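First the structure, in the form of structure tokens, and then the observations on it.
The values are calculated or read from the model by the stated rules, or taken from the named source; none is laboratory data. A quick note: this is a predicted structure, and the numbers were derived from the prediction, not measured. We place every Cβ from the backbone using ideal geometry, glycine too, and count neighbours over all the protein chains shown.
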Amino acid sequence: MAELSALFHGFAVALSPLNVALMFLGILLGVVIGVLPGLGGANGIAILLPLTFSMPPTSAIIMLSCIYWGALFGGAITSVLFNIPGEPWSVATTFDGYPMAQQGRAGEALTGAFTSSFIGALFAVIIFTFLAPLVAGFALQFGPPEFFSVYLLTFCSFVGLGRGSPFKIVAAMMIGFALAAVGIDTVTGQLRLTFGFAEMMRGFDFLVAVIGLFGIGEILQSMEEGLAFQGKSAKINPRVVLETWAKLPRYWASSFRACLIGCAMGIVPGGATPASFMSYGVAKRVSRDGNKFGAGQLEGVVAPETAAHAAGTSALLPMLTLGVPGSPTAAVLLGGLLIWGLQPGPLLFVEQKDFVWGLIASMYLGNIAGLIVVLTCVPFFAAILRVPFSIIAPIIIVICSIGAYTVHNAMMDIWLMLLFGVVGYTFKKLDYPLAPLVLALVLGDRAEDSFRQSMLMSQGDVRIFFSNVLVGGITTLALVLLLWPLLVRVLPRTRQPQPG
Amino acid sequence: MSSFGHARRALLLAAAALVGLPTAALGWEPTKPVEFVVPAGTGGGADQMSRLVQGIVQKHNLMKQPLIVVNKSGGAGAEGFLHIKEAKNDPHKIIITLSNLFTTPLATGVPFNWKDLTPVAMLALDQFVLWVNAESPYKSAKDYISAVKAAGPNKFKMGGTGSKQEDQIITVALEKATGTKFTYIPFKGGGTVAVQLVGKHIDSSVNNPIEGVAHWRGGKLRPLCVFDSERMAYKDKIAGDMAWHDIPSCKEAGVPVDYVMLRGIFTSPGVSRDAVDYYLGVFKKVRETPEWKKFMTDGAYNTTFMSGAEFVKWLEQAEATHRTLMQEAGFLAKK
Amino acid sequence: MSDGVQSERGLSTRTVEIVVAATVFMLGAVVVFDSFRLGARWASDGPEAGYFPFYIGVIICGCAAMVLLHAIVGKHAGPPVFVAWGALKRVMQVLVPAAVYVLGIQVIGIYLAGAAYIAVFMYWLGRYSMLVAVLVGVSVMTFFFLMFEVWFKVPLYKGLLDPLGFLGY
């Protein structure tokens, strides 16, 4: 096959000693960037972009894309260990990853997260290799109404997950929407909810909120319970990797679903963050152990991580074939392509074979390199939990404040982080769920933009969301998921537990 | 600083340039890293250009201190401009501008004006092209406009970046000039707009050349005219046997609208003449590099360079144009 | 989490519930107010800028009112004590220094404030010797300084006074 020979040629390009060295360097840098909340893949790559300027484009993209893989891997580490998502798409990983670490299963959670990330990425790269042109055509089908239906689907697959007062769940979600609305309104260009304060114009960043709500909130809670992280006694077993691998095959169904969700969301491009939330929500609904999610289920780590990495990888496809980035990080890489004088678009695959196939080959190799690097470090990462609380807590707070600052280079964001910390602590204790708040904050303005763009297109006719098979299908699926709890009640025999 | 000292410095600079001495050894020089503010998000046109400049400066060793790109995109760029405005007398901060230098204060009422900053230089001017899908039957701007006219108001969808910014201003100017009415749909980035046009979710766009070129070459989009009084200068074949120069100007296509977007450099208010001259020198050298020239060709930029009084005059004119256009369109912030 | 301390005296859950609900209600009201200013109607071309925020604000107010009502008249299911005084003191031991630290960032920048914060935290709460505490604080922040300012070239906040300005970053 033409793809295979091109791919092998790509391997030959990617496997030069310089490129392999850059690959490992990129992975290491990426992990560091991913671990530091706030710095993030997009910022990290943007910062390092000018450094690659004097390299050949192929080597440069290999190093930068490896930073990207590294950041994808690295985001999971702080989520599991400290409940602080290093990247937006790692938020869903905290839901089960952090409880696992508290139960002394940090090594297992990390291994699960890294391995699933790798599987998700591998799946996406294989799609990438053989179906690139086909898949690029799929992305073109998505206009504003289709995007809105995808966001709706994400919400619908995730709501109904919380227990407790419905008023508190709705209030938390609406607060998320309200925070998302602060700043400039894309559709009218008006400033909303800023009350004339310059500091409010940049709006509330998702990462600042998450660092505060989860990270600082968790430290306050640990303090209340006495000076200790509960996972402190974590036994560190070098064989944890193999033991976890033995458990993973039983989650193949969740993993496969997550791959599909991730790829679709990456290509569309909806992004890795909604993909991880959606995958977690779907896994919780479908899994036999769904009711145990949130209390430290390995499957609850597998589902979001697989989807996030599949989405993160496939987000590069629309960037290369259409010039439209599937994620903020891809947007920066896109800028890099233009700076190196490469024009992304349909012709890139024809005119720049070396570059494209070198990149694709580096996706395979980079992910393998990444997996090796991070898995070797699992015992080391898990050992961080042994550092006494009174040393690690102030360092975490310092890292959080650096993270909050680097998101927008704004001092104000550090204060906000602290405020969100108090809010997170109080809300958690009063049973206001944080997950819907965070999801609404990350997707709120995008959902609203696409809804209002659709309304502009249809001159205010809501039927646009059923105007063709694609958008109608997704909208219907979303509504079915929303009403799923009711359907289950009406048809009680549809979900019999399977024997064994 | 006496004018004599000034002239002597210029002479010395020229002499140093001739013999290849590092000119930065004279006059003001940055003593710490210089913050290069981008009043837009990562990945956009201004961001790309500033990171290219950062890379060029580093590769060719044009400055002794590094240039550090910082994005401050809040409030349609207002955040970045206010940041520079507040940093009085700090020569270690420069900012790259796009049209939001004029549009943001007018549309949102945020208190700043380009006069609050110190102008350094115009780096280039970005062009705008009227694009349609290549499968659409419209071969010329005239075809398309008469189809829009025939269909009646709000039947054709024009996509663009942001609201009350350059793309929508052009759309309104186009409507005024031709007596048509589009439904304007704002998106977050120019790349997205181009893809929406390829996917036929909108009928036309006013993308910059660099945003549309890949799809043009791929046979997905068709340029109808460039919003300028004359054609673009680039004569190399880009898409098939077409060059940028082969796209008619909107004026000659019977659609008298012209609009260009400033890519300029400013620094904070109250900065000394020496510092401005230093940056002017750096950017003059940047413009001489092959990387910059290639970037200009790829994006079909208008490479006009201006500084000093000439630049200020241009800015005054551009501000007046924006005010008029936005007033006519009803985009000015309510007081 | 607070099963063992139920009998202990502390901040009552009801009080916190009422304060939080009232705050959330005010937040909602602010959102409603500003959205109304922007225009919250469904115009001919779809919703105006304030349309969604308006209803979001209304829903926030509604939910907060229900929670408030519940907290005032309803029976409360959870633990009556939100946080015991002793535990609250421990929380404040972190929160207050953290606020002082953030204030410190504002004045003397992230590096000095960070080193001081780590050192004080370790000395005060961790009972480490002053020497160890200062050593850890300074070395952690030196590492961050090298990483951000020197290697990655990401300028962090240096504070209004910029005491490290002599380093030239």
Pair list, Cβ < 6 Å and 6+ apart or interchain, from the stretch B:160-171 residues that are within 18 Å of B:Gln327 (Cβ to Cβ) and at the interface with chain A (Cβ under 8 Å from one of its Cβ atoms) to residues that are among the polar types (S, T, N, Q) and outside any helix (DSSP H, G or I): B:Ser163/A:Thr188
Restricting the stretch C:38-57 to residues that are in a helix (DSSP H, G or I) and in contact with a Gly (Cβ under 7 Å, 6 or more places away or on another chain), the residue that is surrounded by the fewest Cβ atoms within 10 Å (Cβ to Cβ): C:Leu38
Right, A:Ser59: out of contact with any Leu (no Cβ under 6 Å at 6 or more places or on another chain) and hydroxyl-bearing (Ser, Thr, Tyr) or not? no
Sole miss for B:Gly191 among (1) under 17 Å from the mean Cα position of the chain (by Cα); (2) buried (at least 20 other Cβ atoms within 10 Å of the Cβ); (3) over 17 Å from B:Gly299 (Cα atoms) is condition (3)
Just checking, does the stretch A:169-182 include any residue being in contact with a strand residue (DSSP E or B) (Cβ under 9 Å, 6 or more places away or on another chain), of a type in the set (A, V, I, L, M) and either over 30 Å from A:Lys247 (Cα atoms) or outside any helix (DSSP H, G or I) (or both)? yes
What number goes with the only condition from (1) in contact with a helix residue (DSSP H, G or I) (Cβ under 8 Å, 6 or more places away or on another chain); (2) away from chain A (no Cβ under 13 Å); (3) at pLDDT 90 or above that B:Phe36 does not pass? (2)
Those residues that are hydroxyl-bearing (Ser, Thr, Tyr) and in a strand (DSSP E or B), I need them from the stretch B:297-316; list them, please. B:Ser307
Filter the stretch A:409-438 for residues that are farther than 30 Å from C:Ser12 by Cα and more than 7 Å from every other protein chain (Cβ to nearest Cβ) and give the result. A:Ala410, A:Met412, A:Asp413
The number of residues in the stretch A:235-267 that are farther than 15 Å from A:Ala303 by Cα, touching a Pro at 6+ places or on another chain (Cβ under 8 Å) and aliphatic (A, V, I, L, M) is 3
Regarding the stretch C:40-48, can at least one residue be identified that is in contact (Cβ under 8 Å) with a residue 12 or more places away in the chain and more than 30 Å from A:Val398 (Cβ to Cβ)? yes
For a quick check of your reading of the model, give me the residue pairs whose first member lies in the stretch B:58-69 and is within 8 Å of chain A (Cβ to nearest Cβ) and of a type in the set (S, T, N, Q), whose second is in a loop (DSSP other than H, G, I, E, B) and surrounded by fewer than 21 Cβ atoms within 10 Å (Cβ to Cβ), with beta-carbon atoms closer than 9 Å and at least 6 apart or on different chains. B:Gln58/B:Pro66
Which helices (runs of 4 or more DSSP H) sit wholly inside the stretch B:64-167 and have at least 3 residues that are within 30 Å of B:Cys225 (Cα to Cα) and outside the structural domain of B:Thr297 (by TED's automatic domain parsing)? B:141-151
If you check B:Ala17, B:Ala24, B:Ala46, B:Ala10, which single one turns out to be within 30 Å of A:Ala198 (Cβ to Cβ) and modelled with pLDDT under 90? B:Ala46
Counting only residues in the stretch A:450-500 that are touching a Lys or Arg at 6+ places or on another chain (Cβ under 7 Å) and modelled with pLDDT under 90, the one nearest to B:Val193 (Cα to Cα) is identified as A:Trp484
Of the residues in the stretch A:32-57 that are crowded, with 23+ Cβ neighbours inside 10 Å and away from every other protein chain (no Cβ under 13 Å), the one that is modelled with the lowest pLDDT is A:Pro37
The residue from C:Leu135, C:Leu69, C:Leu131, C:Leu146 that alone is surrounded by fewer than 19 Cβ atoms within 10 Å (Cβ to Cβ), in the same structural domain as C:Gly10 (by TED's automatic domain parsing) and assigned to a helix (DSSP H, G or I) is C:Leu69
Note on the stretch A:192-206: residues basic (Lys, Arg) and facing chain B (nearest Cβ under 9 Å) are A:Arg202
Filter the stretch C:149-169 down to the residues that are over 19 Å from A:Leu36 (Cα atoms), of a type outside the set (A, V, I, L, M) and part of a helix (DSSP H, G or I) and list them by number. C:Gly165, C:Phe166
Sort through B:Asn133, B:Asn89 and tell me the only one that's more than 10 Å from chain A (Cβ to nearest Cβ) and at positive phi. B:Asn89
Only residues that are closer than 25 Å to B:Gln168 by Cβ, of a type in the set (Ser, Thr, Tyr) and either crowded, with 17+ Cβ neighbours inside 10 Å or out of contact with any strand residue (DSSP E or B) (no Cβ under 9 Å at 6 or more places or on another chain) (or both): list them for the stretch B:292-335, please. B:Tyr301, B:Thr321, B:Thr324
Taking the options A:Phe95, A:Phe114, A:Phe138, name whichever one is within 14 Å of chain B (Cβ to nearest Cβ), hydrophobic (A, V, I, L, M, F, W, C) and part of a helix (DSSP H, G or I). A:Phe138
